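Just so you know, all these numbers are worked out from the coordinates, no wet-lab data involved. Bear in mind that the values here come from a model prediction, so they are computed numbers and not experimental data. Note that each Cβ is placed from the backbone with ideal geometry, even for glycine, and that neighbours are counted across all protein chains shown.
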Amino acid sequence: MRHTFFAILCCLALGLCFPGVGQAAVSPEGDWLDESGAVLCLDGDGAFAILSPDAGTAGRFGLSWSREGNTLIFRSMLSPCDSVDQARMDIVELSADILAVRGEDGREWRWHKAPAGTVKRFETSLIYRERMALPSEVLISASLSLDSGEVIASVLHQRPGSIPLPVRIHYLASRAADAQRANFSAAILTREGVLFSTPESVEVSLDAGQSPASVLLHRAGLQEGTPLCPPAESSGASLTETYWKLTTLEGQPVTVAEGLREPHMVLHEGGSANGSDGCNSFFMNWEAKDGTLSFQPGGGTLMMCDEASMEQARSFMNVLGAADALRIEGDKLFLHRGGEVTAVFQAVAM
């Protein structure tokens, strides 16, 4: 998986804004566009993001970038439950308009400077009023979505545990559909669970001059002992805290491409869920009552996979979004929509 991640990062990161050989005076900062429409953003303070025009994806979790001589170093994370990966890319060429880089496997890519206005940035900070000290380091998840539920972009930051916690969300202007306002959701979390979160999404202005200086979070359910990341072992096929492997999707057997994670999900007590759609990791909220089920929009990573895997991943996310009921039979979980089975999961020991 690590090698696959590096390769995918290389594929997307052609357009990193890097200083090239003999071009030390040219800054690597800025937004860079590849032929597929994907943009890599390198900010002057070390933040970065990779954005895709594909409506089925929300963003990759870029933690930080730095430069050592002629090499750019990227630290990123697939989900809160994964370790931080580090990828290195050598600069081949850099001018004011072009960037060429070479990945660790020797392949080269070429990017062009993105037109002004291609990428926008939403910035705020997170605060809370509880008399509680944070751990020395925490994760911040945040997302922007439209009223339709479509996610504009999502992020996962790694931050020192001190309030206020800054948040920056990069997003493609084209993904915002000319919207002036959006719905902002955020949480402060550790691998053990969610500490603080927005109980409901907060309407915010996408105008950089009118975005809120801070967003107030409320205490979440970590004190109840619900881990965000599933334990190494599971006691059985209960609805929650079980690794549910997707086996059938809309009547068709699920396939897993070589080097990719199998589609799955874990539903946690307290209403959070995370998993993989077979291409990207995701996390969202869910609610079940008296046999009914609903999922709310969440966040996801951004990896470009083969066409078949991405199509299957989009179908998986659509099925989750449209699910209205569930049932469990032994070690199988069935999702329904309008009385029809749309997905079948198998409980897997972890």
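The translational diffusion coefficient of segment 133-218, from Stokes-Einstein at 4 °C and 1.567 mPa s with a Kirkwood hydrodynamic radius over alpha carbon pairs, comes to 96 µm²/s.
P(r) tail for segment 236-310: Cα pairs beyond 14 Å make up 65% of the total.
The length gained by stretching the chain between MET132 and ALA173 to full extension, at 0.36 nm per residue less their Cα-Cα distance, is 11.0 nm. Debye-formula intensities of segment 251-350, expressed as log10 I(q)/I(0) at q = 0.16 Å⁻¹, are -0.68 (one equal scatterer per alpha-carbon, no solvent). If you bin all the Cα-Cα distances of segment 298-350 at 5 Å, starting from zero, the percentages per bin are 4, 17, 21, 19, 20, 14, 4, 0. With the simple spin-label model, which puts each label point 7 Å out from Cα in the Cβ direction, the ASP85 to GLU340 separation comes to 3.6 nm. The coefficient of translational diffusion for segment 61-130, derived via Stokes-Einstein from the alpha carbon Kirkwood radius under 25 °C and 0.890 mPa s, stands at 165 µm²/s.
Highest-first packing order for the peptide set 269-280, 208-219, 99-110 is 269-280, 99-110, 208-219, based on the mean count of other beta carbon atoms within 10 Å. From largest to smallest, the equivalent ellipsoid semi-axes obtained for segment 81-188 from the alpha-carbon gyration tensor read 31, 22, 12 Å. Mind listing the long-range amide H neighbours of SER272? Cut-off is under 5 Å, sequence gap 5 or more, other chains count too, H placed in the peptide plane at 1.01 Å from N. Here the answer is TRP286, since their amide H atoms fall under 5 Å of that of SER272.
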